[in-house]
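Have a look at the structure below, then the notes.
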Amino acid sequence: MSKLLEYINVVDKNAVARAAHNAAPVESMAAFGLSVDEREAVLLSDNRRLAAALGMRHVDIPAMHTPNTVFVPAQQFSGRSVSVH
């Protein structure tokens with residue numbers, strides 16, 4: 001299993017991990033060991049990059065969103081500097 005898929009599963013199933021992601025997504029993903037590219041793909045909700053990292057078709061990515069895990073759309077970051085490093 002890829003590190004990114006593992007992270008998505010952990011955040012989806014573990015309330016503590018979900019709270020950490022929601023409070024500080026960049027720090028949470030970095031601590032888990034996601035690459036800069038993976039962090040950017042998640043933060044930007046870039047389905048093509050997520051699909052490539054997960055070995056999936058990009059059209060299947062929306063099906064991964066669950067009631068528990070919400071990955072913040074890029075529009076919410078506009079006007080703010082967000083570093084994924």
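In the range 54-66, the residues that are under 17 Å from Tyr7 (Cβ atoms) form Cβ pairs under 8 Å with partners that are of a type in the set (Ser, Thr, Tyr) and modelled with pLDDT of 80 or more, at six or more places apart or across chains, as follows: Leu54/Ser2; Gly55/Ser2.
Of the candidates Lys3, Lys13, the single residue that is in contact with a Gly (Cβ under 7 Å, 6 or more places away or on another chain) and at pLDDT 90 or above is Lys3. Within the range 17-43, residues that are at pLDDT 95 or above and among the aromatic types (Phe, Trp, Tyr) have Cβ atoms under 7 Å from residues that are buried (at least 18 other Cβ atoms within 10 Å of the Cβ) and in a helix (DSSP H, G or I) in these pairs: Phe32/Tyr7, counting only partners at least 6 apart in sequence or on another chain.
The values are calculated or read from the model by the stated rules, or taken from the named source; none is laboratory data. Remember, predicted model here, so these are calculated numbers, not experimental data. In this analysis, Cβ positions are derived from the backbone assuming ideal geometry, glycine residues included, and neighbour counts consider all displayed protein chains.
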